[in-house]
Amino acid sequence: MSDIRQILRNEIAGQSAISFGRFMEIALYCPKIGYYERDPALIGLAGQFYTSPSLGPLFGHLLATQFAFWSLEGRFDDLRWVEAGAHDGALASAILQWLGKNRPALLSRLTYTIVEPSPVHREWQQQKLAEFGERVNWVNSLADLKSPGISGVIFSNELLDAFPIQRISWDRSRLQWYERGVALRGEEFVWARLQRSNVEIQAELKRAGFFLPPELLTVLPDGFTIDLCPKAADWWKEAAGILVAGKLMTIDYGYTAEELLAPERVQGTARAYFGQRVSDDLLANPGEQDITAHINFTQLQRAGESAGLKTEMLLEQERFLSVIFQRDLDYGNTDKWSPAELRQFHSLTHPEHLGKRFRVLVQAR
């Protein structure tokens, strides 16, 4: 039995059942042995899954181009770019290398901050970014940046989709919602109902942007599942609160609240990935497979706007990167792209690769 399984069994034994969010938190983030804590090589074409940065440095170069445009336009005195969820530091390295080559004056006055609570990840990042010296610093949480706040850019790439979620399902026979937790049956982890009131769950659904009139509930299929992530909204609102001026941006896969209610998403959006294969068995192989869920962009927009931000864009990665490409094309920079960079751009923007899968949300103060 793996250490992760034993930790989960011990926690469930003391409570009879735990929330799926707690199950996910232990499986993914348990220090030293959680899925994301094990090995930086799990991300990439040869690993368990791949991301935009793992395709090569072009993704970072394009983001650096956009961030530089925003920063020069904003004319910030104390300029900072804050990356949350930097994994092994590959994206930060690509961004900073592009700046050193193309905008050295901007780099000379930039502080690049990484929000990283994991000591293991911080060690990976420090090794990758050693050449940039004191230009890069680390903090444990967003709270460490509250004073004096951030002028510049706060961003994440594929961070919020891995935040622990609540699985909320519809019981048509009782006409009420319930939360699905995790219990034990012999040696196996199984789904169980948690003791929570329907009124409490309805309030959480409303806060997340789900408005479900009675006429919809009467036709909603039994077991229809919505994956809620209040921690993502809390994180976004906290980030918005420390942004004095500039942009707050995330790139991730997700939908609006209305899209999340589509009939084809009757089982929710949570999925497991093992060896680059998708699985609906979220409770199998804890600590050995990735678990993610599509984020709710409506919830993030509402959280940011409640903190005084203005939504500037919510669009697909294909369109976002194509606008940057066009700006580079106007300046003649893309003429210097190598065949490898052109292949990376194709994968980043192609509808059947990453172009349609990911969306970009940008809010500003």
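The values are calculated or read from the model by the stated rules, or taken from the named source; none is laboratory data. Bear in mind that the values here come from a model prediction, so they are computed numbers and not experimental data. Positions of Cβ are backbone-derived with ideal geometry, glycine not excepted, and every protein chain shown enters the neighbour counts. With ligands, DNA and RNA removed, areas are computed over all heavy atoms of the protein, side chains included. Shrake-Rupley method; radii C 1.70, N 1.55, O 1.52, S 1.80 Å.
Please report the antiparallel percentage of the DSSP beta bridges confined to the chain, to the nearest 5.
Working: 35 of 62 bridges.
In the chain, approximately 55 percent of DSSP beta bridges are antiparallel ones.
The angle between the Cα long axis of helix 20-29 and the main principal axis of the chain comes to about 40°, on a 0 to 90 degree scale. For the chain, the relative contact order is 19 percent, taking Cα pairs closer than 8 Å that sit 6 or more residues apart in sequence and dividing their mean separation by the residue count.
A protection proxy built from the mean count of other Cβ atoms within 10 Å ranks the segments 90-97, 277-284, 174-181, most packed first, as 90-97, 174-181, 277-284. As a calculated quantity, the FRET efficiency between residue 144 and residue 205 at R0 = 30 Å, using C-beta atoms, amounts to about 0.40.
The residues packed around residue 206, meaning those with a beta-carbon under 13 Å from its beta-carbon, carry a net charge of 0 if Lys and Arg are +1 and Asp and Glu are -1.
Quick one: which of 206/231; 237/310; 206/310; 206/237; 206/247; 146/206 span more than 19 angstrom between C-alpha atoms?
Listed pairs above 19 Å: 206/310; 206/247; 146/206.
So I have (i) 37.9, 118; (ii) 21.4, 77; (iii) 21.1, 65, and one of them is Rg and Dmax of the Cα atoms in Å calculated from this model. Which one is it? Structure-derived value, by its label: (iii). Other residues whose C-beta falls under 14 angstrom from the C-beta of residue 125 contribute a net charge of -3, scoring Lys and Arg +1 and Asp and Glu -1. To the nearest 10, the accessible area of residue 322 is 50 Å² with a 1.4 Å probe.
Rank these by accessible area, largest first, 1.4 Å probe: 264, 318.
264, 318
For segment 126-137, the Karplus equation 6.51 cos²θ - 1.76 cosθ + 1.60, evaluated at θ = phi - 60°, returns couplings of 5, 5, 5, 10, 4, 5, 8, x, 6, 5, 10, 9 Hz by residue, with Gly and Pro reported as x. Tell me what the chain gives for mean residue ellipticity at 222 nm when only DSSP H runs of n ≥ 4 count, each as -39,500 (n - 2.57), the sum divided by the residue total, rounded to 500 deg cm²/dmol. Helix contribution divided over all residues of the chain: -10500 deg cm²/dmol.
Measuring r between the beta carbons of residue 183 and residue 122 and using R0 = 35 Å, the FRET efficiency lands at 0.50. Count Lys and Arg as plus one, Asp and Glu as minus one, and take only other residues whose Cβ is under 13 Å from that of residue 56; the net charge is then 0.
Taking every pair of distinct Cα atoms and averaging 1/r, then inverting, what Kirkwood hydrodynamic radius in Å comes out for segment 71-175? Walk me through the intermediate numbers first.
Working: mean 1/r = 0.0647 Å⁻¹.
Computed over Cα pairs of segment 71-175, the Kirkwood hydrodynamic radius comes out at 15.5 Å.
Using the per-residue mean of other Cβ atoms lying within 10 Å as a proxy for protection, in what order, highest first, do the peptides 3-15, 293-305 fall?
On the way: 3-15: 13.9, 293-305: 23.3.
My ranking of the peptides, most packed first, is 293-305, 3-15.
Sorted on the mean count of surrounding Cβ atoms within 10 Å across their residues, most packed first, peptides 80-87, 211-218, 307-314, 222-229 read 80-87, 222-229, 307-314, 211-218.
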